[in-house]
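Below: the structure, in structure tokens.
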Amino acid sequence: MDICGLVDMDFSYSKTQENFVEEVRTWLEEHIQGEFLALRGKGFTGHDDVDPQLQIAWEKELATGGWLGIDFPKWIGGRECSLVEQVLFHKTYVEAKAPGRIPNMGVTLLGPTLLAFGSKPQQERFIPKILSGEELWCQGYSEPEAGSDLSNIKTRAELVDDYWVINGQKVWTSLAQYADWIFVVARTGKGSLRHAGLSYLLVPMSQAEITVRPIIQLTGGAEFNETFFDNAITEKEHVVGGQGQGWKVAMGTLAFERGASTLGQQTSFRQELEDLIDTAVSNGMWDNLVIRQKLMDSYIGLEILRFNQLRMLTALATDSVPGAEQSIGKLFWASWHRKLGELWMEIRGSSGMVAATDGHAGYEGIPYTLDKEQRTFLYSRAHTIYGGSNQIQRNIIGERVLGLPKEPRPMHNSK
Ligand SMILES: Cc1cc2nc3c(=O)[nH]c(=O)nc-3n(C[C@H](O)[C@H](O)[C@H](O)COP(=O)(O)OP(=O)(O)OC[C@H]3O[C@@H](n4cnc5c(N)ncnc54)[C@H](O)[C@@H]3O)c2cc1C
């Protein structure tokens, strides 16, 4: 039966695409050597099972092959790969069980933001060092009273002569302890409220006026931090999009959190599900009909996830950039992975509740008391919080996709 003409479509790769996949595969085989062998198939988000410094070194290694800038234009040092090539890169990368990448926010968030909103001097100063892996970035958005309600930011910056002087606190700043720079949304309009009067500043981390305090997580790692600014400074020119334009630029950055890499994520989810099925088969839980039903649900969910992501990529390829409907994908994959973590523990049974180290050192060398599957279970809870919590995604879908009435907003006073 021909469903919507699908039977007549040719899904095979072109010769050029096959050569590209071969180039990626060969490069990875040649470069995952020596110290990087310790990263093979490890270091995925939340697993905390490898040395972050080694992951940073791996980013620099990837840069030597030009793989950090696959979606950046050639004039700034990128490879300018097509969307299909980007997808093929991420897919091949995961299939090769290549090292889990440290979240490189320069590549995924700041670089694209500078291309969209930055000045030419800003692009030329910062992007090449992002693509060479020399400078690592972190994101300074959230504050103790500004998370979902981001426009409640209190960190302020004032222009004194040729420098912005910054005071305030950020929180949950992932990788701040390793980053060279931070992009900060700060209040520069005196007495301004909510979305107005914010600016997007690029601030060097190596100054005594910035203090980073790691927050130890349930998993035993310390990926994120409290970051304090006590008269920290940055140059007057390091404001992106102009003074007072911070909200527009900050929202632009969030829009870059989607992209071709999501197909790689889907491939790694598939590998996790296959591992889980193997465990169920080997420990006899596969014979439990309820567990089988849950595994099948997981498999179906993964297929839905795949089709959603392909739909999003098709929209990107045809330039009809998805808007609020992206929230459907985020809500779905975050919830799917959280459920997979729960199923891991159910299939593990009582051994899932027993703390047992798998030999990896955590924060400050303290051995982890959790194994990989327990950490997946705990970390997958975070997916439904960062990048917009599940509740916020539902609000967006309700209001901006379905056109439902807006939820009542709390009254904010100016104190
Ligand atoms: C692993 C991880 C990494 C992170 N990394 C970074 C980073 O690098 N940089 C950075 O700036 N931030 C980072 N964050 C912070 C993240 O962006 C915030 O946690 C997120 O925006 C939620 O804000 P909050 O924690 O203040 O929770 P809150 O906003 O206080 O929310 C608390 C609860 O209330 C619900 N809620 C809030 N408002 C509404 C509403 N209007 N309607 C219905 N429900 C609502 C939320 O869904 C949630 O369940 C990270 C978070 C995590 C978990």
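The values are calculated or read from the model by the stated rules, or taken from the named source; none is laboratory data. Just so we're clear, the structure is a prediction, and the values are computed from it rather than from any experiment. Ideal geometry is used to build each Cβ from the backbone, glycine not excepted, and the neighbour counts take in all protein chains shown.
Where residues in segment 125-150 are exposed (fewer than 15 other Cβ atoms within 10 Å of the Cβ) and touching a helix residue (DSSP H, G or I) at 6+ places or on another chain (Cβ under 9 Å), which of them is nearest to V212 (Cα to Cα)?
Among those that are exposed (fewer than 15 other Cβ atoms within 10 Å of the Cβ) and touching a helix residue (DSSP H, G or I) at 6+ places or on another chain (Cβ under 9 Å), it is E145.
Please find, among D161, D180, the residue that is on the phi > 0 side of the Ramachandran plot and either more than 19 Å from the chain's Cα centre (by Cα) or not β-branched (V, I, T) (or both).
Values: D180 fails: on the phi > 0 side of the Ramachandran plot.
Exactly one of D161, D180 is on the phi > 0 side of the Ramachandran plot and either more than 19 Å from the chain's Cα centre (by Cα) or not β-branched (V, I, T) (or both), namely D161.
Give the number of residues within segment 179-192 that are out of contact with any helix residue (DSSP H, G or I) (no Cβ under 6 Å at 6 or more places or on another chain) and either under 26 Å from I216 (Cα atoms) or within 13 Å of the ligand (Cβ to nearest atom) (or both). I'd like the intermediate steps shown before the answer.
Quick first cut of segment 179-192, residues out of contact with any helix residue (DSSP H, G or I) (no Cβ under 6 Å at 6 or more places or on another chain) only: 179-182, 184, 186-192.
Now drop any that are not either under 26 Å from I216 (Cα atoms) or within 13 Å of the ligand (Cβ to nearest atom) (or both), which leaves 179-182, 184, 186.
Within segment 179-192, residues that are out of contact with any helix residue (DSSP H, G or I) (no Cβ under 6 Å at 6 or more places or on another chain) and either under 26 Å from I216 (Cα atoms) or within 13 Å of the ligand (Cβ to nearest atom) (or both) number 6.
Any chance segment 162-171 includes a residue that's without any contact (Cβ under 8 Å) to a residue 60 or more places away in the chain and within 10 Å of the ligand (Cβ to nearest atom)?
Yes, some residue in segment 162-171 is without any contact (Cβ under 8 Å) to a residue 60 or more places away in the chain and within 10 Å of the ligand (Cβ to nearest atom).
Please enumerate the residues belonging to segment 186-235 that are without any contact (Cβ under 8 Å) to a residue 60 or more places away in the chain, surrounded by fewer than 19 Cβ atoms within 10 Å (Cβ to Cβ), in contact with a Phe, Trp or Tyr (Cβ under 6 Å, 6 or more places away or on another chain) and in a loop (DSSP other than H, G, I, E, B).
H195, I215
Just one of (1) modelled with pLDDT under 95; (2) more than 13 Å from the ligand (Cβ to nearest atom); (3) under 17 Å from L109 (Cβ atoms) trips up L202, so point out which.
Status for L202: all satisfied but (1).
I need a count of the residues in segment 313-348 that are part of a helix (DSSP H, G or I) and either at pLDDT 90 or above or touching a Lys or Arg at 6+ places or on another chain (Cβ under 7 Å) (or both).
In the first step, residues of segment 313-348 are kept if they are part of a helix (DSSP H, G or I); the result is 313-317, 326-348.
From what is left, the residues that are either at pLDDT 90 or above or touching a Lys or Arg at 6+ places or on another chain (Cβ under 7 Å) (or both) are 326, 331-348.
Counting residues in segment 313-348 that are part of a helix (DSSP H, G or I) and either at pLDDT 90 or above or touching a Lys or Arg at 6+ places or on another chain (Cβ under 7 Å) (or both) gives 19.
Determine which member of the set I130, I56, I70 is under 24 Å from S268 (Cα atoms), in a helix (DSSP H, G or I) and hydrophobic (A, V, I, L, M, F, W, C).
Result of the check over I130, I56, I70: I56.
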